[in-house]
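The numbers here are math on the coordinates, done by the rules we state, and not lab data. Worth saying up front: this structure is predicted, and the values here are computed from it rather than measured. In this analysis, Cβ positions are derived from the backbone assuming ideal geometry, glycine residues included, and neighbour counts consider all displayed protein chains.
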Amino acid sequence: MAEPNDLLQRPMTEEERELVAIYQRLKALARNPALPPCALMNARQAMVMLWNACNDLALVHEEPGCD
């Protein structure tokens, strides 16, 4: 199985793959309406902060939308 690549088609490091995985988990959590409002807002904030890192490293290309 081929290693995943970043948006510039460079192989992603283990650490970069972990960043993307955590971002994806936070993205799913940020959409969970069952969370109390304070937890939901903090999950969304954490997701956006991690999106910043992933976007800067050319690992993801999407808006972090969490509406």
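Which option, [x] 39, 22, 16; [y] 46, 27, 19; [z] 33, 26, 21, is the value of Cα extents along the principal axes in Å that was calculated from these coordinates?
[x]
Students often check this: by mean Cβ neighbours within 10 Å, which of 25-34, 38-47 ranks highest, and how do the rest follow? Let's see the in-between values first.
On the way: 25-34: 14.1, 38-47: 15.6.
Packing order, densest peptide first, comes out as 38-47, 25-34.
Out of LEU26, PRO36, ASN55, whose Cα points farthest toward the positive end of the dipole of the stretch 14-56 (charges: +1 Lys, Arg; -1 Asp, Glu; placed on Cβ)?
With unit charges placed on the Cβ atoms, the residue in question is PRO36.
Please report the relative contact order for the stretch 14-56, taking Cα pairs under 8 Å with a sequence separation of at least 6, and give it as a percent rounded to a whole number. Numbers along the way, then the final one.
Values: 24 pairs, mean separation 19.8, N = 43.
So the answer I get is 46 percent.
If you place +1 on the Cβ of every Lys and Arg and -1 on the Cβ of every Asp and Glu, how big does the dipole about the Cα centre of the stretch 14-56 come out, in debye to the nearest 20? Could the numbers behind the result be given before it?
Values: 5 positive and 5 negative charges, 74 e Å.
The calculation lands at about 360 debye.
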